[in-house]
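Okay, here's the structure, questions in a sec.
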Amino acid sequence: MEKACFELKVPSDVFYLESVRAFIGKLSETLRFSKKRIADIQLVLDEICSNAVYHGSKCVSCGIHLQISVNTQALEIVVSDKGGVNTHNWLSPERLAEIQAKRSPTGESGHGLYLIDCLADIQKFQLNMVGGTDVTAIFYRDVE
Amino acid sequence: MSGTEFMTLRENADIKIIDVKTDLSSYAATDLRKVLENLLTEKVSKVVVNFSEVSHINSTAVGTLVGIAKRLRQSGGDLKLCNLASTLTRTFNLIGASSVVEIYESEKSAIAAF
């Protein structure tokens, strides 16, 4: 199988995230991830995109950008936002550490980043050049 | 009291039962919060949420359920969940929310637990 890359620009509105979740579910199925792993991939993408819409977007038309790369060993997802109204680079290393330290199982928020950390094989949070955040999640494929 | 596009409401004695009719990502979680907030406003204290038609839940929806469960307990009631797919239970367990919100295998057992 050749390397493949998909790019999507999605409006910054959670209404559209269902379609993104359906797309990654179908792609993961095609790549023969297990059902359990497909659910993990869909959940991680949902969490990353929801954060990008809520915290990393000034308006609906700003949009978020998804780059999904596939090779024989892994599925890699990169979600890029442009930064929110008062939240440029909303996920700075300091902010990330603060969110992780404050998370409580009995709390109502702060769980999304924790789930990404638990479920992706590799995850990276990087500030980007336009004042937003790039979040990368990598899932290794089962080698047959 | 009425349901929404994604939720329908039923009653069993003094217990309100919410049937969730869609996967719970951030968009539908707003609907879930609206329904639960309405029940709190109406002084309902015992609520069961039936997940038999749900295959996905994200942290926003879990957080909503945790918050409402705590508020219902403060008023002497509770929120109980039932019929969760294994992937959903796993999400609750990973977050640790299953220590806050009670999960039952069936609607019957959730109702009996009040």
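Does B:S25 satisfy being farther than 14 Å from B:L79 by Cα, crowded, with 22+ Cβ neighbours inside 10 Å, at pLDDT 95 or above and of a type in the set (S, T, Y)?
It is false that B:S25 is farther than 14 Å from B:L79 by Cα, crowded, with 22+ Cβ neighbours inside 10 Å, at pLDDT 95 or above and of a type in the set (S, T, Y).
Can you tell which of A:A52, A:A74 is under 18 Å from the mean Cα position of the chain (by Cα) and within 13 Å of chain B (Cβ to nearest Cβ)?
Selected residue: A:A52, the only one of A:A52, A:A74 that is under 18 Å from the mean Cα position of the chain (by Cα) and within 13 Å of chain B (Cβ to nearest Cβ).
I've got another one for you. What's the number of the condition A:L91 fails, among (1) farther than 25 Å from B:S98 by Cβ; (2) aliphatic (A, V, I, L, M); (3) surrounded by fewer than 15 Cβ atoms within 10 Å (Cβ to Cβ); (4) at pLDDT below 95?
(3)
Separate question: Among the candidates A:L45, A:L8, A:L66, which residue alone is touching a helix residue (DSSP H, G or I) at 6+ places or on another chain (Cβ under 9 Å), within 25 Å of B:F92 (Cα to Cα), modelled with pLDDT of 95 or more and of a type outside the set (F, W, Y)?
Being touching a helix residue (DSSP H, G or I) at 6+ places or on another chain (Cβ under 9 Å), within 25 Å of B:F92 (Cα to Cα), modelled with pLDDT of 95 or more and of a type outside the set (F, W, Y) holds for just one of A:L45, A:L8, A:L66, which is A:L45.
Mind checking which residues of the range A:7-28 are assigned to a helix (DSSP H, G or I), of a type in the set (A, V, I, L, M) and in contact with a Leu (Cβ under 7 Å, 6 or more places away or on another chain)?
Correct list: A:V20, A:I24.
Continuing with this model, one more query. Being more than 13 Å from chain A (Cβ to nearest Cβ) and either assigned to a helix (DSSP H, G or I) or basic (K, R) (or both) is the filter here; which residues of the range B:38-69 pass it?
Residues satisfying the conditions are B:N38, B:L39, B:L40, B:T41, B:K43, B:K46.
Looking at the range A:83-98, is at least one residue under 15 Å from A:A137 (Cβ atoms), within 14 Å of chain B (Cβ to nearest Cβ) and assigned to a helix (DSSP H, G or I)?
No, the range A:83-98 contains no residue that is under 15 Å from A:A137 (Cβ atoms), within 14 Å of chain B (Cβ to nearest Cβ) and assigned to a helix (DSSP H, G or I).
Within the range A:9-23, is even one residue buried (at least 21 other Cβ atoms within 10 Å of the Cβ), among the hydroxyl-bearing types (S, T, Y) and under 14 Å from the mean Cα position of the chain (by Cα)?
Within the range A:9-23, one or more residues are buried (at least 21 other Cβ atoms within 10 Å of the Cβ), among the hydroxyl-bearing types (S, T, Y) and under 14 Å from the mean Cα position of the chain (by Cα).
Here's something else I'd like to know. Taking the range B:88-100 as the region of interest, how many residues are under 20 Å from B:T22 (Cα atoms) and modelled with pLDDT under 95?
Summing the residues that are under 20 Å from B:T22 (Cα atoms) and modelled with pLDDT under 95 in the range B:88-100 gives 0.
Starting from residues that are outside any helix (DSSP H, G or I) and surrounded by fewer than 20 Cβ atoms within 10 Å (Cβ to Cβ), keep the ones in the range A:29-49 and report whichever is nearest to the other protein chains (Cβ to nearest Cβ).
Ranking the qualifying residues of the range A:29-49, first place goes to A:S34.
The values are calculated or read from the model by the stated rules, or taken from the named source; none is laboratory data. On a predicted model such as this, the values are computed, not experimentally measured, just so you know. Ideal geometry is used to build each Cβ from the backbone, glycine not excepted, and the neighbour counts take in all protein chains shown.
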